[in-house]
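Working notes, beginning with the structure itself.
The values are calculated or read from the model by the stated rules, or taken from the named source; none is laboratory data. Fair warning: this is a prediction, and the values are worked out from it, not measured in the lab. Heads up, the Cβs are rebuilt from the backbone with ideal geometry, glycines too, and the neighbour counts pull from every protein chain shown. In case anyone asks, the SASA skips ligands and DNA or RNA and just uses the protein heavy atoms, side chains included. Shrake-Rupley method; radii C 1.70, N 1.55, O 1.52, S 1.80 Å.
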Amino acid sequence: MKILDRYILKSFITTFTTVFVILLLIFILQTVWLFISELAGKDLDLILIVKFLLFKMPSLVPLVLPLSVLLASIMTFGDLAENYEFAAMKSAGISLQRIMRGLTVFILFLSGAAFFFANNVIPYAEYKFINFRKEIAQVKPAMAIAEGQFSEVGSYTIKVDKKSGENGNLLSGVTIHKKTNGYDGSKNVIKAKTGVLISSEKSSVLQLVLHDGYYYEDIVPQKFEDRKKLPFAKSAFKRYVINIDLTKINTTSEDDFKIKNTDKMLTMNELLYTIDSLKINYNKEVVSISDNILQRVGMSLPRKTVVNTKIEPEILSKFQTVDRANILNIASSYCTNNNFSVDSYKAELNDKIETINEHWIALYEKFVIAFSCLLMFFIGAPLGAIIRKGGLGLPIVFAVTIFIIFHFVNTFGKKVAQENEITPFMGCWLSTMILLPLAILLTYRATNDIGLVNMDLILTPIQKFFKKIFPASND
């Protein structure tokens, strides 16, 4: 490697490492802010919080890495141009392509590492993250219950006045509201002086043992006028045991933490195998639904389609008026039920299609991450050479603007592809397709020493227009 390549590579790696660490810390702080309700007030020690962030950190790399490459490229080449180092290189007969050659090899290596990271590290981290949260619930179940406020745990809403013990499993002043599945408006309330949380790493059931309390249950009479009396039953107990499913603990509305999103925990080979299985199941489901609908309407699939053009409009005239009305009502109800069934089947098939699309998107994302690093380099390096500004001023403005466009289009494309409006391939690669012409244009203009915007192309037509309107007077 020549001295010039080592110098440029050292400048880029130093800037890239600094930018990557700073951006990663910013996104980690954002993650902490988004999930502060899950981390604060749960009696978690520092080690558990660090593990929580470490398992979440790999999923932030697809956001941080392309932005770091873009910003580091603009800053590095902007510094070289601002300090007239580019001018010295070009005066020595060194072209921009020659200057970028060493860094291009490094970016290709970085893209390969990004693909390996997305295909192996991120799925493993997602898997460990889900299991880590489950282990926390099993080893330290008291984290799901906060002092002095109601905490939703499965089908119960629990409030405790104080927690004690090594793992916060000793409770005092316990109030529990039990959810009911019915629509009668009944309520069940349990109050106890003390309670103990008992769990095991090998069990997925959490036991809440209550002592010295009362059980209140609303009684809903069948007669509506008796309900105004608000009757209820009260019973005392010395010991009362409640079994809670641990899978209900720490549920969240964020898609990243739903166990059903297993596509993020699969490698490329596993995704291909899963997609093939999902397609086979989908095709079988379509055939099964079709047969079911045909059987409901009393039809079968003939080998040859026969079109009957003969219509008998007077068939109902053979029945009496009462029977005719009953026949029409039955037919109308039958059609309504069939339409409802078709809509239900359609919604079920749409869910299966969305699941297949999610797996395709997860597969294409592994390649998009790798290609986006190369794309951002060929946008940032020529742009830095054109604007001739380094540091943290103008380069950040350009980098953030370009990355916002990239991220917005990428998110929008994946969302539309998931809903089957466009293909998953188009949805994942839409952002790169939009920015690829920009990379080619900037590389061409930087190679030929053309500015970012050729003002002559804009000002010359305007000047000619005003000369025609206001011609110069001859003295």
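Tabulated data
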{"item": "Residue within region 64-77 that is in a helix (DSSP H, G or I) and surrounded by fewer than 19 Cβ atoms within 10 Å (Cβ to Cβ) present", "result": "no"}
{"item": "Filter result (under 18 Å from S73 (Cβ atoms), modelled with pLDDT of 75 or more and either in a loop (DSSP other than H, G, I, E, B) or not β-branched (V, I, T) (or both)) within region 438-475", "result": "L438, A439, L441, L442, Y444, R445, A446"}
{"item": "Among residues of region 164-204, those that are in a strand (DSSP E or B), at pLDDT below 85 and out of contact with any Ser or Thr (no Cβ under 8 Å at 6 or more places or on another chain), counted", "result": "2"}
{"item": "Scan of region 93-127 for residues that are basic (K, R) and open to solvent by 60 Å² or more (accessible area, probe 1.4 Å), ordered by number", "result": "R101"}
{"item": "Out of V416, V409, sole residue that is surrounded by fewer than 21 Cβ atoms within 10 Å (Cβ to Cβ), under 30 Å from N350 (Cβ atoms), among the β-branched types (V, I, T) and in contact (Cβ under 8 Å) with a residue 12 or more places away in the chain", "result": "V409"}
{"item": "L246, sole failed condition from (1) modelled with pLDDT under 70; (2) open to solvent by 70 Å² or more (accessible area, probe 1.4 Å)", "result": "(2)"}
{"item": "Residue in region 221-233 that is open to solvent by 40 Å² or more (accessible area, probe 1.4 Å) and either modelled with pLDDT of 80 or more or under 23 Å from L48 (Cα atoms) (or both) present", "result": "no"}
{"item": "Failed condition for R388, given (1) within 30 Å of D276 (Cβ to Cβ); (2) open to solvent by 40 Å² or more (accessible area, probe 1.4 Å); (3) touching a helix residue (DSSP H, G or I) at 6+ places or on another chain (Cβ under 9 Å); (4) touching a residue at least 24 places away in the same chain (Cβ under 8 Å)", "result": "(1)"}
{"item": "Single unsatisfied condition, Y364 versus (1) of a type outside the set (A, V, I, L, M, F, W, C); (2) modelled with pLDDT of 75 or more; (3) surrounded by fewer than 18 Cβ atoms within 10 Å (Cβ to Cβ)", "result": "(3)"}
{"item": "Region 425-437, residues that are in contact (Cβ under 8 Å) with a residue 24 or more places away in the chain and either aliphatic (A, V, I, L, M) or part of a loop (DSSP other than H, G, I, E, B) (or both)", "result": "I434, L435, L436"}
{"item": "In region 324-361, the residues that are among the aromatic types (F, W, Y) and loosely packed, with under 11 Cβ neighbours inside 10 Å", "result": "F340"}
{"item": "Test: residue in region 381-397 that is among the charged types (D, E, K, R) and over 15 Å from the mean Cα position of the chain (by Cα)", "result": "yes"}
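Each row is one residue, and each column tells you yes or no for (1) within 28 Å of F377 (Cβ to Cβ); (2) modelled with pLDDT of 85 or more; (3) hydrophobic (A, V, I, L, M, F, W, C); (4) in a helix (DSSP H, G or I).
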{"site": "R6", "(1), (2), (3), (4)": "yes, yes, no, yes"}
{"site": "T14", "(1), (2), (3), (4)": "yes, yes, no, yes"}
{"site": "F20", "(1), (2), (3), (4)": "yes, yes, yes, yes"}
{"site": "W33", "(1), (2), (3), (4)": "no, no, yes, yes"}
{"site": "E38", "(1), (2), (3), (4)": "no, no, no, yes"}
{"site": "I49", "(1), (2), (3), (4)": "no, no, yes, yes"}
{"site": "F52", "(1), (2), (3), (4)": "no, no, yes, yes"}
{"site": "V61", "(1), (2), (3), (4)": "yes, yes, yes, yes"}
